[in-house]
Structures are given as C-alpha cells and as structure tokens.
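Visitor: I have a structure I would like to understand better, so I am pasting it below and will then ask my questions one at a time.
The values are calculated or read from the model by the stated rules, or taken from the named source; none is laboratory data. None of these values were measured; they are calculated from a predicted model. Every residue, glycine among them, receives a Cβ derived from its backbone with ideal geometry; neighbour counts consider all protein chains shown. These area figures cover heavy atoms from the full protein model, side chains too; ligands, DNA and RNA do not enter into them. Shrake-Rupley method; radii C 1.70, N 1.55, O 1.52, S 1.80 Å.
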Amino acid sequence: MTNLVEMRGIEKRFPGVHALKNVQFDLRPGEVHALMGENGAGKSTLMKIMSGIYARDGGDMFVDGKPAAPDGPRAAQNLGIGIIHQELSLMNDLTAAQNVLIGREPRRRFGRLDEPALNAKTAEIFTSLNLAMDPRTMVSTQTIARQQLIEIAKALSYEPRVLIMDEPTAALNDAEIRELFRVIEKLKSEGVGIVYISHRMDEIKRIADRVTILRDGAYIDTLQAADTPLSKIIQLMVGREVTQTAPDIPDTSDNAVALEVRGLSRGKDVRDVSFNVRKGEILGLSGLMGAGRTEVARIIFGADPHDTGEILVSGQPVDIRSPQMAVQAGIGYLSEDRKHFGLAVDMTVRANIAMADLTQFTSRTGVLDEAAMKRTADQYINQLGIRTPSDTQEVRLLSGGNQQKVVIAKWLLRDCDVLIFDEPTRGIDVGAKSEIYALLEELAAQGRAIIVISSELPEILRLSHRIAVMCEGRLTGILPREGATQEEIMKLATQTENLADKTKETTQ
Amino acid sequence: MTAIPNVNKQSALGKLFAGGAFQKILAFASLIILLIGFSLASPNFMQTSNMIAILQATSVNGVLAIAATLVIITGGIDLSVGTLMTFTAVMTGVVLTNLGMPLPIGVVTGIATGAFCGFISGTLVAKMKIPPFIATLGMMLILKGLSLVISGTRPIYFNDTPGFDLISRGSLIGEVFPAVPIPNGVLILFLVAAAASYILSRTVLGRYCFALGSNEEAVRLSGVNTDNWKIAIYTLAGAIVGVAGLIIASRLNSAQPALGLGYELEAIAAVVIGGTSLSGGRGTILGTLIGALIMAVLLNGLRILSVAQEWQTVVTGAIIILAVYADNVRRRKGN
Ligand SMILES: Nc1ncnc2c1ncn2[C@@H]1O[C@H](COP(=O)(O)OP(=O)(O)OP(=O)(O)O)[C@@H](O)[C@H]1O
Ligand SMILES: [Mg+2]
C-alpha cells in the first residue's frame with residue numbers, strides 16, 4: 001500500500017530556532033496517526049509544511065508517491081490536504097455558513113452569491129457532524145467550543161483525503177469529543193488519513209493507530225499505538241520519566257479563609273453560588289462547558305457585574321467593580337482565552353511578563369529599567385521552562401503551550417493572594433503540565449489560595465484539595481478530594497434543575 | 001406562561017440591535033430629530049428647494065463616503081479619495097476640453113482614471129504590504145501634485161462640451177415628475193449607493209470585503225487569494241471616486257485642481273457616523289448614506305440659522321465623537 005503522504009529529511013529554520021531537524025513522517029489511508037511532542041517540539045510547524053503554509057528548507061515530500069511541494073493553502077487543498085489549525089482562524093463578523101465555505105461560495109453569474117445554497121450546503125455538513133446550529137448564526141456569538149466545531153465543519157467541507165487536526169479537542173467537552181471521534185471513525189472507514197495532534201494523552205489510546213514522536217525538532221520514533229504503553233510515549237516525548245502521582249493533600253482546615261463568595265448571582269449564568277477558599281488551598285471548579293465557571297471567575301475578578309451576592313477577601317466584604325480593583329484586593333485571574341485577554345502577542349516575551357506590574361521596573365523619573373525587566377523575564381523563562389530563543393522573541397512566534405506559560409509568568413509576578421486559573425493547562429504538554437501542577441502546589445504551599453477551573457477531570461482530581469462542581473449556573477456540590485471519583489463529579493455536573501426538582505419530589 | 005412572549009420580544013429586539021444596527025437606528029433618529037429641530041427653528045428650512053439643496057450638497061461627499069466605506073470594511077483606510085476625485089476631474093477636463101473628445105469618452109476617462117489609481121493603491125497595500133494609511137497618504141499627495149502639474153494650476157472649464165453640466169445639474173426625475181426636480185447628481189448618488197449595497201451583500205467581492213476586515217489571516221489560510229481581492233476592492237472604490245469627480249466637475253462646470261484636500265476626512269466622518277467600524281468587518285452603505293445626510297443637514301441648518309462657518313466645523317467634530325461614543329456605550333451594555 002503506498003502512503004498517502006510521505007515526508008523525509010524535513011528541515012525548517014526560523015530566526016534563532018532550528019524548528020525541524022531531519023524529520024520524517026508518513027501517513028497511510030484510513031489511519032489515525034498521532035503526532036506527539038512537547039510544546040515547541042515542532043508539531044504544528046511540520047503540519048504547516050505539509051499543508052503548504054510554510055515552505056520547507058530541506059527534505060522531500062511525496063503525495064501518492066509523487067513529489068509534491070504545495071506552495072499555499074490552495075495548492076494543498078488541490079492535493080486533498082486539509083488542516084484544522086491550532087489557533088482558531090474564523091472570521092468573527094461572518095456567519096457560520098459564510099465561514100465554512102469561504103473561498104468556495106456557491107455563485108450565480110457575475111460573481112453573485114447564492115446564499116440559500118450556501119446555507120443548505122453548510123446545514124448538510126452540520127447534520128453529518130450531528131451539530132445543531134443554524135448556518136446563519138454569527139460566529140462571534142458562539143462559545144470557543146462551538147467555534148471549534150465550525151472550524152471542523154469547514155475542514156470537512158473540502159472533503160480532504162488527508163486531514164490534519166492540530167489540537168481539535170482543546171476546547172471541547174466530553175460529549176463533543178465523542179462526537180468528533182465518531183466523525184473520525186467515519187472518515188477512517190472512507191479511507192481518509194488523519195494526522196492527530198493532542199496533549200490529552202488518554203485520547204491517543206482511544207483513536208490513534210500509530211504514534212510519531214518529536215522532541216526538540218528531532219524525529220524520535222514511530223510506534224504502534226496499541227502495543228505501546230502511555231508511559232513509554234511520555235518518556236520519549238520528554239526525554240525523562242515524569243511522575244504522575246499527586247502529592248498528599250495538606251491539611252488547610254485551620255487556615256484563614258482567603259476568599260469567600262455568598263449568594264453570587266448574575267442573570268441565568270450564575271445563580272446563588274456560595275463557596276470559600278482557604279489560604280494554602282487549591283479549590284477545583286469543575287463542570288461542563290457553559291456551566292458558569294468562567295462567569296463566576298469573571299465576576300470575582302470584576303470583569304463582569306453581578307446582580308446580587310457578596311465577595312469577601314480575608315473576611316472583609318469588598319466591592320470589586322473592575323479588574324483593577326480586584327488586583328488591588330489581591331485577586332488574579334488567568335483567562336482561558338489567552339490570545340484575547342492574556343497577551344500582547346506582537347510584543348516580546350520580556351515586555352509581556354513585565355507588563356503585569358510595570359511599577360516594579362519604573363524609576364522615579366518614569367523611565368523603564370530594561371535590565372531589571374530582562375532579569376525577571378529570564379528568571380521566569382528558567383523557572384517555567386519557557387521554550388524561546390531569548391526574552392526578546394515576539395510572543396506570537398512561540399508555540400501555543402509556551403504562550404500559556406508566559407501568561408502564567410505574568411501573574412506570578414503580580415504576587416496575588418488569590419489566584420484563579422481558568423483552564424491553565426489547555427494546550428500544554430504532559431511534561432509542562434506536571435511542572436505547572438508543581439508550580440500551583442508550590443504557590444499554595446506559600447499560603448496563597450488557588451482556584452483552578454478545568455474541564456479535564458483527571459486534572460481536577462490530581463490537583464484540587466476540594467472540588468466544587470457547577471451545573472447550569474448553580475453550584476451542585478463540593479467534594480473532598482479523598483474518595484472523589486470522575487463518576488461522582490459527572491453526576492453533579494449533569495444535575496440539571498429539572499433533575500434536582502424530581503429528586504426532591506421523590507424524596508419528599 | 002406569561003413570561004414566554006416576553007422572552008420572544010426580547011430576542012427579537014436583540015436581533016434588531018445586533019450587528020451595528022443600533023447605531024444605524026440612532027443615526028437615523030438623529031437625522032429625523034435634526035430635520036424637525038431645524039424646521040421648527042426656521043420656516044425656510046423645510047422648503048423643497050432647501051431640501052434639494054441639502055441632497056445636492058450630499059451627493060459628492062456621499063459618493064466619496066461610499067468608496068471609503070468599502071475600503072474601511074476591509075480594515076483599511078483611504079486618505080486619497082479627495083485628491084483622487086480632483087485628479088479624475090482634471091483628466092476628464094484634459095480629454096474633453098484640451099483634446100476635444102466627445103462627452104462619453106470624458107465620462108469613461110474619469111471613471112477609468114479613478115479605477116486605475118485605486119488599483120495602484122490596492123497593489124501598494126496588498127502586494128507591497130504598505131499600511132493603507134501610508135499608501136493612501138502617499139497617493140493623496142502624489143495626486144494633488146499631479147492635478148496641479150497637468151492642469152498647469154489653472155481650472156479647466158467645460159464650456160466646449162455642451163451637456164456636461166447636466167450630469168450633475170440636470171434633472172431626469174424632474175422631467176417626469178416636475179414637482180420633485182431632484183438633480184441628476186443626487187440620482188447618481190442613490191444609484192451608486194444601491195449598486196454598492198448590492199455588491200456588499202450579494203456578491204463574492206462584498207463577502208471578501210467583510211471577511212478581510214474580520215480576519216485576513218484566516219481568509220488567506222482558507223486558500224483565498226486575499227491580495228487580488230483586496231486590489232479589486234480598492235479598484236472599485238477608485239472607480240466610485242471617479243463618479244464623484246464627474247459630479248463635482250459638472251456642478252462647477254470646471255475641474256478645479258486646487259480643490260480636494262479635506263474631502264477625504266469628511267467622507268470618513270460620514271462613514272463613522274453611519275456606524276461602520278474603523279477596525280473593519282462591519283458596516284453598511286445605508287449607514288454611510290445617513291451619515292453623509294446628517295453632515296449636510298447640519299451644515300445647511302446651521303447656515304440657515306446664521307451660525308458662523310467656524311462653529312459648523314466644531315459641531316461636525318463633536319458629532320463624530322458622539323456617534324462613536326454612543327455605539328461604544330451600547331456595546332458595553334450589550335456584553
Ligand atoms: N513563524 C515562526 N517564527 C519563529 N519561530 C517559530 C515560528 N513558528 C514556530 N516557531 C518556533 O518553532 C518551534 C516549534 O513550534 P511549533 O509551533 O511547531 O510547536 P508545537 O510542537 O506545535 O508546540 P505546541 O504543542 O505548543 O503547539 C518553537 O520553538 C516555536 O517557537
Ligand atoms: Mg502546535
């Protein structure tokens with residue numbers, strides 16, 4: 001059987017970075033080939049070469065055994081190669097259908113658009129994806145997860161023979177992931193070859209046939225997924241053993257309460273939410289996508305107003321009406337959407353880190369002390385293992401996971417007593433994940449109160465001292481970590497109001 | 001039970017207010033209020049002749065603003081529309097008066113000159129990656145200079161071309177309905193607006209206009225030749241400026257080479273008042289038309305009330321800021 005795609009001896013250099021060194025990769029029809037590696041290993045770069053977005057500096061590529069060098073997205077599409085990018089790339093001011101079929105709009109004569117056909121065609125694709133969405137919906141009104149689904153629909157609309165998925169599940173919930181996997185199985189049976197990139201290790205076992213591992217831009221190995229234990233894959237990715245076990249939970253029950261919210265409500269999104277976090281404690285906030293977790297965090301952080309309820313910091317009621325007031329009260333928030341709210345991507349790593357607290361680096365005359373900023377930036381680059389050629393690299397040129405570390409560095413600099421992390425490890429590799437876990441534990445040990453919002457249950461169970469679960473804007477329960485199971489959390493996370501009423505009725 | 005219709009009403013209202021529609025409604029309401037206010041303040045204001053004067057005054061700025069709208073929706077800006085308008089008028093003058101060609105050739109020359117210069121601007125922006133602000137600033141000065149050089153700094157009159165003045169001042173509508181002698185210049189404005197509106201909402205070119213302004217990189221990654229489409233949009237905008245050049249030349253029965261500077265800012269002001277986002281991706285021709293009308297009504301009304309010219313400019317500036325602020329407030333509430 002000839003390979004759909006074969007790449008040999010691929011080389012790619014960026015200024016200051018040797019991103020790919022003699023890398024090989026091949027893809028057969030009807031297989032899911034997982035591409036694994038740490039943040040910055042070169043996965044996205046290799047796939048951008050395959051899909052014609054970057055030109056390779058060296059090496060050969062064959063499609064159906066014939067030499068190929070796609071020189072743009074259009075050329076790759078003509079070869080049957082489609083890609084779902086790691087970073088969302090949709091046009092927010094257009095509708096879902098207009099996005100899905102961009103560049104291939106059904107046309108009438110004289111360049112006129114056939115809008116009904118456009119919508120009908122998109123509706124068809126949505127149906128095949130089991131996606132309930134009006135094709136005329138504005139993309140900007142959709143959650144990140146739903147935007148991701150639109151992106152997937154867009155890639156499928158090309159009917160590719162090779163489909164590259166660069167972290168398609170980073171923003172999806174379990175049900176949506178299951179739906180995606182169903183689609184992947186279907187494509188496989190139609191002979192489509194799929195390249196799958198993800199940092200969620202459990203997914204590899206679920207869908208991958210073969211696994212190729214990259215490390216620091218170099219090819220390491222290609223293995224059969226079925227007979228390779230995950231620990232082996234991780235070891236090859238990271239180049240060392242990674243401990244996965246959680247440390248013991250410290251007893252924080254005597255510590256002072258750092259943050260308490262009472263009866264917090266905002267419209268339908270947040271309804272009567274009350275909880276507290278003690279100093280030195282990590283509170284996990286779990287729930288399905290759209291359960292209102294981010295909304296609660298944004299209210300506490302002063303980014304959104306609330307209708308009723310109280311926020312107390314160290315026992316004192318505080319009136320937080322803006323993020324600035326929240327920071328003054330010692331509360332920090334790391335947004336789940338780092339591109340939009342967390343980073344100035346066109347600025348350097350140093351500038352981004354220092355921006356969190358410029359007063360630290362300002363002399364009395366108002367001049368910025370670059371040397372001090374560099375020292376601090378370098379310290380965090382080392383501490384967090386941010387993979388960048390220097391502290392003057394522009395953030396947009398870092399790999400996704402390394403961008404996230406820059407956001408974390410920013411907030412570490414601010415020295416807050418209460419830190420809210422919203423999906424802190426989204427798109428972050430296993431090695432860096434365990435580093436970030438260790439970091440959060442260290443922050444807690446220093447006496448800070450930490451709230452972690454995460455959709456990954458293993459992460460919640462690994463990290464939290466207590467687990468608060470939300471569903472449809474309500475807090476449905478708080479569990480101690482000891483003895484907590486994924487099933488228990490899921491039960492609370494799906495305890496909708498009707499269900500709750502019913503159980504109440506039957507118990508009465 | 002009673003809650004249900006309530007919810008429906010809310011979502012219907014929400015739909016109406018979405019997508020910059022609010023500012024359009026706001027702009028329209030402001031226009032009505034201005035009309036009522038001025039007609040109460042002065043009996044001369046509401047007369048047919050004055051209304052027609054307002055429309056006449058809108059025609060040039062309106063057409064320029066439509067051209068500017070196209071470019072602004074792509075996330076760009078066009079500072080050259082004013083001097084390009086003059087340049088197309090001068091070229092028409094050269095062809096008609098200096099070379100003595102027949103009228104239709106003059107008309108075609110004007111529009112083709114506009115399209116050609118738009119093509120150059122578009123190429124500078126798309127292919128040579130010069131920021132639109134800089135590229136069109138350069139074009140603005142180049143065209144201003146060329147107009148003066150080609151005309152020898154003297155106006156070119158169209159006395160030898162009978163019928164040229166009818167392009168703007170004649171009234172086809174008035175011949176059919178003598179009660180409403182709407183001048184041709186205004187008729188042209190509305191035709192251009194209708195065409196541009198159609199292109200924006202119904203054609204591929206219009207679709208890419210919004211798409212480029214929304215997320216250019218995403219469009220490029222979708223395999224669309226973004227450079228060529230951008231050039232096409234700038235070219236179309238240039239052609240529309242050529243139409244404005246014909247209207248103003250016909251109105252003055254001459255090409256005035258020193259004229260033009262400042263028109264681009266008035267055009268951009270009309271676009272902004274009409275609710276088009278300067279960051280691209282959102283905007284409508286109807287909004288721009290209303291924006292241009294607001295500016296004309298304001299100037300006309302203030303003049304009738306004998307407010308000094310200097311103050312008229314001050315008021316225009318304040319209106320621009322108010323219009324954008326109102327839209328911001330609305331959007332913050334919406335979130
Ligand atoms: N356009 C660019 N200019 C300069 N450097 C780049 C560019 N694109 C990527 N790099 C660098 O090349 C390396 C590989 O990046 P790539 O995005 O391929 O990593 P990745 O394996 O996809 O990581 P992640 O899992 O974090 O997405 C990184 O060091 C990155 O900083
Ligand atoms: Mg990547």
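Visitor: As an exercise: evaluate A:THR252 against (1) open to solvent by less than 50 Å² (accessible area, probe 1.4 Å); (2) under 25 Å from the mean Cα position of the chain (by Cα); (3) hydroxyl-bearing (Ser, Thr, Tyr) and give the number of the one condition it does not meet.
Guide: (2)
Visitor: While we're looking at this one, here's another question. Determine which single condition A:GLN360 fails, assuming it passes every other condition in (1) outside any loop (DSSP other than H, G, I, E, B); (2) open to solvent by less than 50 Å² (accessible area, probe 1.4 Å).
Guide: It fails just one condition, (2).
Visitor: Please list, ordered by first then second residue, the pairs with beta carbon atoms under 6 Å, 6 or more apart or interchain, first in region A:425-444 and over 20 Å from A:LEU236 (Cα atoms) and open to solvent by less than 10 Å² (accessible area, probe 1.4 Å), second of a type in the set (Lys, Arg) and outside any helix (DSSP H, G or I).
Guide: Taking only residues 6 or more apart or on different chains, not a single pair turns up.
Visitor: For region A:27-127, give me every one of the helices (runs of 4 or more DSSP H) that falls completely inside it and has 2 or more residues that are open to solvent by less than 20 Å² (accessible area, probe 1.4 Å) and within 16 Å of ligand 1 (Cβ to nearest atom).
Guide: A:43-50
Table: residues versus (1) open to solvent by 20 Å² or more (accessible area, probe 1.4 Å); (2) away from chain A (no Cβ under 14 Å); (3) closer than 15 Å to B:LEU246 by Cα.
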site	(1), (2), (3)
B:GLY152	yes, yes, no
B:ILE156	no, yes, yes
B:LEU166	yes, yes, yes
B:ARG169	yes, yes, yes
B:PHE177	yes, yes, no
B:PRO183	no, yes, yes
B:LEU187	yes, yes, yes
B:ILE199	yes, no, no
B:VAL204	no, no, no
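Visitor: Moving on to the next point. Quick check: is even one residue across region A:94-112 modelled with pLDDT under 90, within 14 Å of another protein chain (Cβ to nearest Cβ) and in contact with a Gly (Cβ under 8 Å, 6 or more places away or on another chain)?
Guide: yes
Visitor: Here is a further query. Take A:GLU31 and decide whether it is within 16 Å of ligand 2 (Cβ to nearest atom) and either of a type outside the set (D, E, K, R) or in contact with a strand residue (DSSP E or B) (Cβ under 9 Å, 6 or more places away or on another chain) (or both).
Guide: No: the conditions fail for A:GLU31.
Visitor: Does region B:220-229 include one or more residues that are open to solvent by less than 10 Å² (accessible area, probe 1.4 Å) and in contact with a strand residue (DSSP E or B) (Cβ under 7 Å, 6 or more places away or on another chain)?
Guide: Checking region B:220-229: not a single residue is open to solvent by less than 10 Å² (accessible area, probe 1.4 Å) and in contact with a strand residue (DSSP E or B) (Cβ under 7 Å, 6 or more places away or on another chain).
Visitor: What are the residues in region B:240-256 that are buried (at least 22 other Cβ atoms within 10 Å of the Cβ) and assigned to a helix (DSSP H, G or I), if any?
Guide: B:ILE240, B:VAL241, B:GLY242, B:VAL243, B:ALA244, B:GLY245, B:LEU246, B:ILE247, B:ILE248, B:ALA249, B:SER250
Visitor: Separate question: Take the residues in region B:74-133 that are charged (D, E, K, R) and more than 23 Å from the chain's Cα centre (by Cα), then tell me which one is farthest from B:ALA239 (Cα to Cα).
Guide: Among those residues, the one meeting the criterion is B:LYS129.
Visitor: A further question follows. (1) more than 14 Å from chain A (Cβ to nearest Cβ); (2) over 20 Å from the mean Cα position of the chain (by Cα): which one isn't true of B:GLY245, the others all being true?
Guide: In the conditions (1) more than 14 Å from chain A (Cβ to nearest Cβ); (2) over 20 Å from the mean Cα position of the chain (by Cα), B:GLY245 misses (2) alone.
Visitor: Among all residue pairs at least 6 apart or on different chains, which show Cβ distances below 7 Å where the first residue, located in region A:157-168, is within 16 Å of ligand 2 (Cβ to nearest atom) and the second is of a type in the set (Ser, Thr, Tyr)?
Guide: Pairs that qualify, where the first residue is within 16 Å of ligand 2 (Cβ to nearest atom) and the partner is of a type in the set (Ser, Thr, Tyr), are A:ILE164/A:SER51; A:MET165/A:TYR196; A:ASP166/A:SER44; A:GLU167/A:SER198.
Visitor: Out of the strands (runs of 3 or more DSSP E) lying entirely within region A:280-335, which hold 3 or more residues that are touching a strand residue (DSSP E or B) at 6+ places or on another chain (Cβ under 7 Å)?
Guide: It comes to A:282-287, A:308-313, A:331-334.
Visitor: Please determine whether any residue of region A:340-353 is more than 19 Å from A:LEU443 (Cα to Cα) and in a strand (DSSP E or B).
Guide: yes
Visitor: May I ask you to say which residue of A:VAL418, A:VAL349 is within 16 Å of ligand 1 (Cβ to nearest atom) and open to solvent by less than 10 Å² (accessible area, probe 1.4 Å)?
Guide: None of the others qualify; the one that does is A:VAL349.
Visitor: Next question. So, A:MET133, is that one hydrophobic (A, V, I, L, M, F, W, C), open to solvent by 20 Å² or more (accessible area, probe 1.4 Å) and either more than 16 Å from ligand 2 (Cβ to nearest atom) or under 30 Å from A:PRO106 (Cβ atoms) (or both) or not?
Guide: Taking the combined requirement at face value, the residue satisfies it.
Visitor: Which of the residues that make up region A:168-220 are more than 16 Å from ligand 1 (Cβ to nearest atom), more than 21 Å from A:LEU149 (Cα to Cα) and among the acidic types (Asp, Glu)?
Guide: A:ASP209
Visitor: Here is a further query. Determine whether A:ALA258 is at negative phi, in a loop (DSSP other than H, G, I, E, B) and of a type in the set (A, V, I, L, M, F, W, C).
Guide: Against the criterion (at negative phi, in a loop (DSSP other than H, G, I, E, B) and of a type in the set (A, V, I, L, M, F, W, C)), A:ALA258 does not qualify.
Visitor: Sort out which residues of region A:383-403 are within 14 Å of ligand 2 (Cβ to nearest atom) and open to solvent by less than 10 Å² (accessible area, probe 1.4 Å), and write them in order of number.
Guide: A:GLY400, A:GLY401, A:ASN402, A:GLN403
Visitor: While we're here: List, please: which pairs have Cβ atoms under 8 Å, are six or more places apart or on different chains, and start with a residue in region A:8-21 that is closer than 15 Å to A:ARG387 by Cα and open to solvent by less than 60 Å² (accessible area, probe 1.4 Å) and end with one that is within 14 Å of ligand 2 (Cβ to nearest atom) and among the polar types (S, T, N, Q)?
Guide: Cβ pairs passing all conditions: A:ALA19/A:THR45; A:LEU20/A:THR45.
Visitor: Assess whether A:ILE450 counts as being within 16 Å of ligand 1 (Cβ to nearest atom), on the phi < 0 side of the Ramachandran plot and not assigned by TED's automatic domain parsing to the domain that holds A:ARG215.
Guide: Criteria not met by A:ILE450.
Visitor: So which of A:LEU412, A:LEU384, A:LEU439, A:LEU397 is in contact with a helix residue (DSSP H, G or I) (Cβ under 8 Å, 6 or more places away or on another chain), within 16 Å of ligand 1 (Cβ to nearest atom) and at pLDDT below 90?
Guide: None of the others qualify; the one that does is A:LEU384.
Visitor: Next question, about the same structure. Kindly indicate which of A:ASP64, A:ASP60 is on the phi > 0 side of the Ramachandran plot and over 23 Å from the mean Cα position of the chain (by Cα).
Guide: Going through A:ASP64, A:ASP60 in turn, just one is on the phi > 0 side of the Ramachandran plot and over 23 Å from the mean Cα position of the chain (by Cα): A:ASP64.
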